[in-house]
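Student: What follows is a single structure, and I will ask about it in a moment.
The values are calculated or read from the model by the stated rules, or taken from the named source; none is laboratory data. Bear in mind that the values here come from a model prediction, so they are computed numbers and not experimental data. All Cβ positions, even for glycine, are placed from backbone atoms using ideal geometry, and neighbour counts span all protein chains on display.
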Amino acid sequence: MNTFTKTVLFTDHDGRARWGEESVPLNDGKPKARLSQLMASGGYQLRESPVGFRSDFHCTGSPQWVFILRGQMEIGLQDGSSRVFSPGEHFYSADVLPDGATFDSTVHGHRSRQIGNEPLQTLFVRG
């Protein structure tokens with residue numbers, strides 16, 4: 001069976017953002033072009049972030065796919081770790097604020113920034 005690896009940014013049981021991976025079965029299509037099942041989406045947005053862009057820590061408001069179209073995006077977590085995504089790479093951002101929690105910028109969420117010498121262009125597809 002063929003699968004697609006879905007990189008997921010999620011909120012763990014302690015309220016902190018973590019990285020994980022999920023396998024998405026590719027059971028449809030033809031042997032030379034395997035497809036997943038059709039997934040629902042809630043629309044999409046394009047964004048351009050200038051050289052030097054940097055966000056504060058925040059949670060994802062609504063789970064969404066993030067596809068890097070141009071430039072590089074670094075995602076930093078509360079534990080000090082970070083991952084860099086380049087054109088053609090993706091992740092599923094689902095680190096929402098836990099139910100009943102009040103946002104604490106020392107515990108919750110992630111931060112993002114543009115790195116390199118070209119603007120960052122991203123495509124967000126709501127899950």
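Student: How many residues are within 21 Å of the chain's Cα centre (by Cα) and either within 28 Å of Thr106 (Cβ to Cβ) or not β-branched (Val, Ile, Thr) (or both) if we restrict to region 16-34?
Tutor: Adding up the residues that qualify gives 10.
Student: Here's another thing I want to ask about it. Run down Val125, Val107, Val84 and say which single residue is modelled with pLDDT of 95 or more and touching a Ser or Thr at 6+ places or on another chain (Cβ under 7 Å).
Tutor: Testing whether each residue is modelled with pLDDT of 95 or more and touching a Ser or Thr at 6+ places or on another chain (Cβ under 7 Å) leaves just Val125.
Student: Another question, then. What pairs come up if the first residue lies in region 43-64 and is on the phi > 0 side of the Ramachandran plot and surrounded by fewer than 13 Cβ atoms within 10 Å (Cβ to Cβ), the second is basic (Lys, Arg) and at pLDDT 95 or above, and their beta carbons are under 7 Å apart, counting only those six or more places apart or on different chains?
Tutor: Gly43/Arg126
Student: Continuing with the same structure: Would you confirm whether any residue within region 82-99 is under 13 Å from the mean Cα position of the chain (by Cα), without any contact (Cβ under 8 Å) to a residue 40 or more places away in the chain, within 24 Å of Asn2 (Cβ to Cβ) and buried (at least 17 other Cβ atoms within 10 Å of the Cβ)?
Tutor: yes
Student: Condition first: closer than 16 Å to Ser93 by Cβ and polar (S, T, N, Q). Can you find one or more residues in region 33-45 that meet it?
Tutor: Yes; the residues of region 33-45 include at least one that is closer than 16 Å to Ser93 by Cβ and polar (S, T, N, Q).
Student: Report, by residue number, each residue of region 66-81 that is of a type outside the set (Asp, Glu), surrounded by 10 or more Cβ atoms within 10 Å (Cβ to Cβ) and under 21 Å from His108 (Cβ atoms).
Tutor: Matches in region 66-81: Val66, Met73, Ile75, Gly76, Leu77, Gln78, Ser81.
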